[in-house]
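Down below is the structure, laid out as structure tokens.
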Amino acid sequence: MNKQISTAMSNIYKFTVFEENGKNKVRAPKMDLPECVKERINFFGKYSENGLSFLGCIELIMAEDEEKAKKEFEIGAYEDYLSVSEEFKQWRDEIALRSLHQMEVAVALIYGVGDGHDE
């Protein structure tokens, strides 16, 4: 559990400052997330460019109520809903990490998951 907490904290807070051409720049954390999580972030995150709100993206990614999420997604989507995998459910529902996982998703939506897909 300690490693999982440490990983989550790094994903959220491990921004670094570096100098480039005499100016300080900030680099977002490289996200260490399971592939199933990255897949959901990339899938639903692209809809923010089509009017889906930030909170709407988080709700669809986390899919606490999958039936409701699916109905809401299908209202304005141009492809099929990405169902929640068992692996994702296990990650999402980890005791003591649930809130941290929501924060990780928020950071990844804003700054990308760090796999080159979002650069």
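The values are calculated or read from the model by the stated rules, or taken from the named source; none is laboratory data. Computed from a predicted model, the values in this text were never measured in an experiment. Every residue, glycine as well, gets a Cβ built from its backbone with ideal geometry; the counts of neighbours run over all protein chains shown.
In summary, ALA77 fulfils each of the numbered conditions (1) aliphatic (A, V, I, L, M); (2) farther than 22 Å from MET103 by Cα; (3) within 12 Å of the chain's Cα centre (by Cα) with the single exception of condition (3). In segment 8-21, the residues that are surrounded by fewer than 10 Cβ atoms within 10 Å (Cβ to Cβ) form Cβ pairs under 9 Å with partners that are at pLDDT 95 or above and not in a helix (DSSP H, G or I), at six or more places apart or across chains, as follows: VAL17/ASN24; PHE18/ASN24. Among the residues of segment 22-59, those identified as surrounded by fewer than 18 Cβ atoms within 10 Å (Cβ to Cβ), in contact with a strand residue (DSSP E or B) (Cβ under 9 Å, 6 or more places away or on another chain) and at pLDDT below 95 are LYS25, VAL26, ARG27, ALA28.
Do we find a residue being small (Gly, Ala, Ser) and assigned to a helix (DSSP H, G or I) anywhere in segment 79-98? Show your work before the answer.
Step one: list which residues in segment 79-98 are small (Gly, Ala, Ser), which gives 83, 85, 96.
After this cut, where a residue has to be assigned to a helix (DSSP H, G or I) as well, the list is none.
The answer is no; no qualifying residue exists.
Does MET31 satisfy being under 17 Å from the mean Cα position of the chain (by Cα), aliphatic (A, V, I, L, M) and part of a loop (DSSP other than H, G, I, E, B)? Yes; evaluated as a whole, the condition is true for this residue.
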